[in-house]
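**Q** To start, I am sharing the structure in question, which I have written as structure tokens.
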Amino acid sequence: MYGLLLFIHILGATIWTGGHIILSVVILPKVLRQRSPEILLTFETDYEKIGMPALVVQIIAGIILAYRVLPDLSKWMNFSNPVSLGIILKLGLLLLTFVFALDAKFRVLPHLSEDNLKDMAWHIIAVTILSVLFVLTGVAFRVGWFY
Ligand code: HEM
């Protein structure tokens, strides 16, 4: 069960973090060079179909994995416990990801044009950095930095 959960969590990470790195490093420079919101919208529309389910899988598998390392929810917000700190970091990264994603979805994307492409670019870069920090925090669990 643990092996399967970790496999699903790592697979989800390859889609979420991998997809955002491709968006930031390959798609975004082209969008900004050609000042083309269309290129971005095409990628976002296609990627979202697999990206959003991957994020949902990450949250569900992640919470089960977190419960496995600390099977007492009342201890999850204990800043003096290093394992809780790892879980707090993951939940904090998740909250920040939601804030940027919701702001992009409801404020930036509905009016996406050549004029606010830079605003959207900063949202994409922020979510990409957060996605890499998710992986780093996960690896920190793996190599025992929180134990
Ligand atoms: C997009 C979001 C996420 C990504 C990309 C991500 C990525 C990863 C990666 C790459 C690992 C290392 C797997 C390994 O040991 O080889 C990991 C482990 C872990 N993640 Fe996540 N994660 C995400 C969200 C979450 C969330 C929301 C939680 C829950 C609070 C969470 C909890 C954990 C835990 C507890 C581990 C350690 C598992 C163990 O070693 O037993 N993750 N994560």
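**Q** Is it the case that some residue within region 121-139 is over 18 Å from the mean Cα position of the chain (by Cα), without any contact (Cβ under 8 Å) to a residue 60 or more places away in the chain and either farther than 18 Å from Thr45 by Cα or in a helix (DSSP H, G or I) (or both)?
**A** Step one: filter region 121-139 for residues over 18 Å from the mean Cα position of the chain (by Cα), giving none.
The answer is no, given that none of the residues of region 121-139 is over 18 Å from the mean Cα position of the chain (by Cα), without any contact (Cβ under 8 Å) to a residue 60 or more places away in the chain and either farther than 18 Å from Thr45 by Cα or in a helix (DSSP H, G or I) (or both).
**Q** When only residues in region 64-123 that are among the polar types (S, T, N, Q) and open to solvent by 50 Å² or more (accessible area, probe 1.4 Å) count, which is farthest from the ligand (Cβ to nearest atom)?
**A** Top of the filtered list is Ser80.
**Q** Moving on to the next point. Restricted to region 1-14, and to residues that are more than 9 Å from the ligand (Cβ to nearest atom) and open to solvent by less than 70 Å² (accessible area, probe 1.4 Å), which residue is nearest to Phe98 (Cα to Cα)?
**A** The qualifying residue nearest to Phe98 (Cα to Cα) is Ile8.
**Q** Quick one: is Leu89 touching a Leu at 6+ places or on another chain (Cβ under 9 Å), over 22 Å from Gly12 (Cα atoms) and in contact (Cβ under 8 Å) with a residue 12 or more places away in the chain?
**A** For Leu89, the condition - touching a Leu at 6+ places or on another chain (Cβ under 9 Å), over 22 Å from Gly12 (Cα atoms) and in contact (Cβ under 8 Å) with a residue 12 or more places away in the chain - is not met.
**Q** Let me ask something else about it. Would it be correct to say that Val31 is of a type in the set (Val, Ile, Thr), buried (at least 18 other Cβ atoms within 10 Å of the Cβ) and modelled with pLDDT of 95 or more?
**A** Details: of a type in the set (Val, Ile, Thr): yes; buried (at least 18 other Cβ atoms within 10 Å of the Cβ): yes; modelled with pLDDT of 95 or more: yes.
Yes; evaluated as a whole, the condition is true for this residue.
**Q** Return the residues of region 15-38 that are in contact with a Phe, Trp or Tyr (Cβ under 8 Å, 6 or more places away or on another chain) and within 15 Å of the ligand (Cβ to nearest atom); say none if nothing qualifies. Talk me through it step by step, then tell me what you get.
**A** Here is the first cut: in region 15-38, the residues in contact with a Phe, Trp or Tyr (Cβ under 8 Å, 6 or more places away or on another chain) are 16-17, 19, 23, 27.
Of everything in region 15-38, those that are in contact with a Phe, Trp or Tyr (Cβ under 8 Å, 6 or more places away or on another chain) and within 15 Å of the ligand (Cβ to nearest atom) turn out to be Trp16, Thr17, Gly19, Leu23.
**Q** Please go through region 39-63 and pick out each residue that is acidic (Asp, Glu) and either within 14 Å of the ligand (Cβ to nearest atom) or surrounded by fewer than 17 Cβ atoms within 10 Å (Cβ to Cβ) (or both).
**A** Listed by number, the residues that qualify are Asp46, Glu48.
**Q** Where residues in region 94-119 are among the acidic types (Asp, Glu) and touching a residue at least 12 places away in the same chain (Cβ under 8 Å), which of them is farthest from Gly138 (Cα to Cα)?
**A** Glu114
The values are calculated or read from the model by the stated rules, or taken from the named source; none is laboratory data. Predicted, not measured: the structure shown is a model, and the values here were computed from it. So basically every Cβ, Gly included, is an ideal-geometry build from the backbone, and we count neighbours across all protein chains shown. The area values use the complete protein model at the heavy-atom level, side chains included, leaving out ligands, DNA and RNA. Shrake-Rupley method; radii C 1.70, N 1.55, O 1.52, S 1.80 Å.
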